[in-house]
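Chemist: The structure is given below, and queries will be raised subsequently.
The values are calculated or read from the model by the stated rules, or taken from the named source; none is laboratory data. None of these values were measured; they are calculated from a predicted model. Here the Cβ is made from the backbone with ideal geometry for all residues, glycine too, and neighbour counts use every protein chain on show.
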Amino acid sequence: MTSSGVFLRGNVSSITTLLIGLFFFLSIPSQIGISESTDLSGVNSRTMPYLIASAIILLSLYTIVSNIFANRKVETVKSNDEPNEITSYGRVFLAFVAIALWIVIVPYLGFNITTIMLVTTIMIIIGKCRWWQIAIVALALSFPINYLLAAVLKVYLPSGSVFG
Amino acid sequence: MFKKILGSTVTSGLPSVKLLASIAVAVTITAVSAVSAQAADFPSKPITIIVPYGAGGGTDTTGRFLANEAEKYFSQPIAVVNRSGAGGTVGTTAAAAAKPDGYTLYFGASDALVTAPHSLKVPYTVDNFRGIVGVSYAPSSIAVRTDSPWKTLDDFLAEKGTDTIIDRGHSGVGGVHHTLLKSLFLETGIKFRDIPFQGGSKAIAALRGGHVDLIGGTPGSMMASVEAGEIRVLALSSAEQLDAFPGVPTFKEKGVDIVATVEWYLLAPKDTPDEVVAILEEAFMKAASSDEFKAFTVTRKQESLVRNAKDIMAKVKADSAFFGEVIKKK
Amino acid sequence: MFENFLYAISVVFLWENIVLIIVGTAIGMVFGALPGLTVTLAVTLVLPFTFDLSPESGIILLTGVYCSGTYAGSISAILINTPGTPSSAATAWDGYPLTQKGRSLEALSVGLHASVIGGLISAVALIFFAPMLAKTALAFGPPERFALTFFGLTIIARVSGVSLSKGLISALFGLLIASVGVDPIMGVPRFSFNTFYLYGGVGMIEVFIGIFAIAEIFNQIGKRAVMAQHSKSDSQTKTIRWKEIVPHYWTVVKSSVIGIIIGVVPGTGGSIASFIAYDEAKRSSKEPELFGKGSLEGIAAAESANNGVTAATLIPTLTLGIPGNTVAAIFLGALLIHGLTPGPQLFVNQGGLMYTIMVSFIMANIVMYFQGRLALKWFDKIVNIPSSILLPIILTMCLVGAYTISNSLNGVIVALIFGCVGYAMIKFEYPSAPMVIAIILGGMVEESMRQSLILSDGSPMIFLTRPLSLAFFVLTIFVTFSPMVIKQWKKRRNGGGQA
């Protein structure tokens, strides 16, 4: 593995936080207006965000730099520790897409139908369950919850523009 | 309606034909009703009232009480939904953008609708609404501690031109009370430091604890502290004196031209049809005029004043113009 | 005083009032345990029913909802890692690890007992110390509030776990999230990115649902090998017993007192109390290394503190007319509706009612105890459901909760985004506790700091010249640095002995 690859792998999270910190720091002038004020506090709407964003940037840089010096050590420790746990990021991504679709579809199909679709998808992604389990869980989580919340608590879940 | 048809079909054995038939019927009915018969069978489903503040606050409890009273006059239930955030502007935006069919209404108080559009970039103005009923109002007022050197409004006004800097507290930037304080200090030229709090009760606590010199807020919320002999209300922003505060003058009586109040009202999105608004107005006028509701507003320290659709909208528009002018002055 | 007390007992023990307490605590338990349905909402929905009751019965009903709603937030925190109320956030840090180890019933048991004791101590404090403590509440101006919340923030350093820099970054992002929305002093929007929804800031409960629950769902789905992640509840504890709480009695008493003191300060609330109590318990614990990994003592501290707040927060409400939190504000409304004006004279004119409030707090906690004993065994069964069925249930609850909190899909979007953030934090081993503390306290810290600096024309001396504020800063320095100093001192002594 190239040294730059090792560097990236060890610092992915710190580089991400550094970039987010930079993004917020640079967006402050466009995102936070300053209304002129008469007080002498010396602190305005931008002060705290600037302090926070700078601190994030500095800490991320510090972590990256200290990682470079301790690079070898980190690598060896990790290789001993990790292998028995394999993460299937594909399944996580599918679950994310399913939830995102729920948010998109709910205004059209309403809570009941969309939730049945979501629960079914999630249970298929997880696996290890029979079709009748899926049917029972999906039905139990849609109509009864919707009805109970509306009837007992007067809390109304989204109803669709296409289906009720 | 559609759900019901689907449900009955599924239980009855011959799904496909009946389903198609019912869909056809349903589509026709929906299409027809959308064109003409909207008002005739109004309301045919539950009515939602958006309250732009959190559950349990003064506006929320008033709105819920009004909804409870009004339910008597409708065949359908009325649900109160809290959409709080950003001083009520989030919920007000939602209400302004709601389908103008009379099934989504808006119960609010002045801050979010008449002051916020002048100081924040919000996607609505008073023109996005039309009135149904106004239920109550409360003036603003200024108050000081009992041990303060300012015994009356005149003592306070005498600070004009002196070097005294007054620490003034209020319930939040851009609200009615803040705007009134701004107007008062601008007109008199008295020096100040401005300390906003999140909510009137925190401002009252700060005054009583001696952390600020003067606060602006509704006199009703200060009643407890006044009775305890801890604070003194100097002046009211109503047009006339209030029975609950005998001897407390209005600004106008003392020659300061400030008359403004917080109003509580029920509104609908602008394009709601006249016939629907007429039905709503009749029912909610009855609800707001009931003895129970009037007694309730009094316990919430609001002054009961029922206005019809036309009057409340005129009042809202006048308030908006007034506050806009003050806020622009800076 | 004595006849008032007798009157209160005679009122609370009327059979219809007993029924009201039972109904109220049951409602509170359901609302508290479901993420997204808050105690405030429960109390609001119950409020209209109190209009037709006598003032005493109305207060009794509300008290039941309030006490058990505050307690029940811990149930979902322990079982599904989602605090039902913000003040149960600290409970999740230890409760959920215990559930993963199959010791959920023990955790629930400690949570219940700690809550009940905290609630009882708080109820007694309400009546005996109310007038005295009320004066203290007024002494808290902006500088004092800043000192208190800043003290709360320094806890971050001690809940960060292995890596302090990761903990600090997590906290800084929490502060950044807290700064989104309309600025509290100037009224200008910050980081709204032209989305109007963000004017109101990022919803706290929505973020918690994301960071705690949805992130955990992603985590479970991603684990290919071990699907039955929750080991079955097979600890020795099969019933809920007092025995569990006995070793922690001192922690519980101390935390309850912390809860009472913080509850008296208006507008601070249960979450900061539970953080401070948790931190103090960890500091003085014999096994501080267990904290955050499944410490019963940690649950005891957090839960007794946030229930210690319940009655105490009514002290400024009743004596000064200044509500300590949103629920107290509704209590205030309920009193006003019945024509009772809060203030010092309320204790003189309405002594009977005041004692009724105290006795009903005591009753509510007792009823809640027995209801909890019955319900917890059923709640605990949740853990034994296979995760292929449990995860969709939790997910649906999360979506419903995130939606109902503001009645809009924006809440669900926020929860999903923070689900991804939380998942990334799990994967890269960033602790979520500092972020949660920062989100809850961030707004209060900035607001009080800026209010203070306006009052002092920009001079930070205001924080040191006010006695209470100075005291809190001295305490902050002491608590932050004393462990290091003691460590150094011990090292030196041991080293000296060897040499």
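Chemist: When you check B:VAL144 against the structure, is it modelled with pLDDT of 85 or more, closer than 30 Å to B:LEU242 by Cα and crowded, with 20+ Cβ neighbours inside 10 Å, yes or no?
Modeler: Working: modelled with pLDDT of 85 or more: yes; closer than 30 Å to B:LEU242 by Cα: yes; crowded, with 20+ Cβ neighbours inside 10 Å: yes.
When the stated conditions are applied, B:VAL144 passes them.
Chemist: While we're here: Testing B:LEU66 on (1) crowded, with 24+ Cβ neighbours inside 10 Å; (2) under 25 Å from C:TYR197 (Cα atoms), one condition comes back false. Which one is that?
Modeler: Status for B:LEU66: all satisfied but (2).
Chemist: Also, I was wondering about something else. With the requirement that a residue be more than 7 Å from chain C (Cβ to nearest Cβ) and within 18 Å of A:LEU157 (Cβ to Cβ), what does segment A:121-146 give you?
Modeler: Passing the criteria: A:ALA138, A:LEU139, A:ALA140, A:SER142, A:PHE143, A:PRO144, A:ASN146.
Chemist: Quick check on my filter: what residues within segment B:230-264 are within 25 Å of B:LYS317 (Cα to Cα) and among the acidic types (Asp, Glu)?
Modeler: B:GLU240, B:GLU253, B:ASP257, B:GLU263
Chemist: Output the number of residues of segment C:43-81 satisfying the condition of being within 14 Å of chain B (Cβ to nearest Cβ) and aliphatic (A, V, I, L, M).
Modeler: Start the filter on segment C:43-81 by keeping residues that are within 14 Å of chain B (Cβ to nearest Cβ), which leaves C:43-52, C:55, C:58, C:62, C:65-66, C:69.
Remaining after also requiring aliphatic (A, V, I, L, M): C:43, C:45-47, C:62, C:65.
Count: 6.
Chemist: Still on this structure, please answer the following. Let me spell it out: the conditions are (1) over 24 Å from the mean Cα position of the chain (by Cα); (2) modelled with pLDDT of 75 or more; (3) under 22 Å from C:VAL65 (Cα atoms), and C:PHE331 meets all of them except one. Which number is the exception?
Modeler: With respect to (1) over 24 Å from the mean Cα position of the chain (by Cα); (2) modelled with pLDDT of 75 or more; (3) under 22 Å from C:VAL65 (Cα atoms), C:PHE331 is out only on (1).
Chemist: A further question on this structure: Which of the residues that make up segment B:105-122 are within 11 Å of chain C (Cβ to nearest Cβ) and either surrounded by fewer than 24 Cβ atoms within 10 Å (Cβ to Cβ) or free of Cβ contacts under 8 Å to residues at least 24 places away in the same chain (or both)?
Modeler: B:SER119, B:LEU120, B:LYS121, B:VAL122 - these are the residues of segment B:105-122 that are within 11 Å of chain C (Cβ to nearest Cβ) and either surrounded by fewer than 24 Cβ atoms within 10 Å (Cβ to Cβ) or free of Cβ contacts under 8 Å to residues at least 24 places away in the same chain (or both).
Chemist: To continue, here is another question. For segment B:83-104, name all the residues that are outside any helix (DSSP H, G or I) and surrounded by fewer than 24 Cβ atoms within 10 Å (Cβ to Cβ).
Modeler: Taking segment B:83-104 and keeping what is outside any helix (DSSP H, G or I), we get B:83-85, B:97-104.
Scanning segment B:83-104 gives B:ARG83, B:SER84, B:ALA97, B:ALA98, B:LYS99, B:PRO100, B:ASP101, B:GLY102, B:TYR103, B:THR104.
Chemist: Looking only at segment C:16-43, count every residue that is under 15 Å from C:SER87 (Cβ atoms) and hydroxyl-bearing (Ser, Thr, Tyr) and tell me the total.
Modeler: Summing the residues that are under 15 Å from C:SER87 (Cβ atoms) and hydroxyl-bearing (Ser, Thr, Tyr) in segment C:16-43 gives 2.
Chemist: For segment B:157-169, which residues satisfy the criterion of being at pLDDT 90 or above and not aliphatic (A, V, I, L, M)?
Modeler: Passing the criteria: B:ASP167, B:ARG168, B:GLY169.
Chemist: Tally the residues that are under 22 Å from the mean Cα position of the chain (by Cα), closer than 30 Å to C:LEU320 by Cβ and of a type in the set (Gly, Ala, Ser), restricting the search to segment C:86-144.
Modeler: Going through segment C:86-144 one residue at a time, the tally reaches 14.
Chemist: For segment C:95-149, name all the residues that are charged (D, E, K, R) and either more than 14 Å from chain B (Cβ to nearest Cβ) or within 26 Å of C:ALA72 (Cβ to Cβ) (or both).
Modeler: C:LYS101, C:ARG103, C:GLU106, listed by residue number.
Chemist: Exactly one of (1) under 30 Å from B:GLU230 (Cα atoms); (2) modelled with pLDDT of 85 or more; (3) not aliphatic (A, V, I, L, M) is unmet by C:THR91. Its number?
Modeler: Only one criterion in (1) under 30 Å from B:GLU230 (Cα atoms); (2) modelled with pLDDT of 85 or more; (3) not aliphatic (A, V, I, L, M) is unmet by C:THR91, namely (1).
Chemist: What tally of residues in segment B:263-307 results from selecting those that are of a type outside the set (Val, Ile, Thr), under 13 Å from B:GLY131 (Cβ atoms) and touching a helix residue (DSSP H, G or I) at 6+ places or on another chain (Cβ under 7 Å)? Even if it seems obvious, please write down each step before you answer.
Modeler: Our first condition is that a residue be of a type outside the set (Val, Ile, Thr); within segment B:263-307, this holds for B:263-271, B:273-275, B:278, B:280-296, B:300-305, B:307.
Retained after the next criterion (residues that are under 13 Å from B:GLY131 (Cβ atoms)): B:263-270, B:274, B:278, B:280-281, B:284-285, B:288, B:307.
Restricting the remaining residues to those that are touching a helix residue (DSSP H, G or I) at 6+ places or on another chain (Cβ under 7 Å) gives B:263-266, B:268-270, B:281, B:284, B:288, B:307.
Residues in segment B:263-307 being of a type outside the set (Val, Ile, Thr), under 13 Å from B:GLY131 (Cβ atoms) and touching a helix residue (DSSP H, G or I) at 6+ places or on another chain (Cβ under 7 Å): 11 in total.
Chemist: Using beta carbons and a limit of 6 Å, which pairs, at least six apart or on different chains, have the first residue in segment C:76-99 and closer than 14 Å to C:ILE272 by Cβ and the second one among the hydroxyl-bearing types (Ser, Thr, Tyr)?
Modeler: Taking only residues 6 or more apart or on different chains, the pairs are C:PRO86/C:SER271; C:SER87/C:SER271; C:SER87/C:SER274; C:SER88/C:SER74; C:ALA90/C:SER274; C:ALA90/C:TYR278.
Chemist: Just to be sure, is C:THR149 touching a Ser or Thr at 6+ places or on another chain (Cβ under 7 Å) and β-branched (Val, Ile, Thr)?
Modeler: Working: touching a Ser or Thr at 6+ places or on another chain (Cβ under 7 Å): yes; β-branched (Val, Ile, Thr): yes.
Criteria met by C:THR149.
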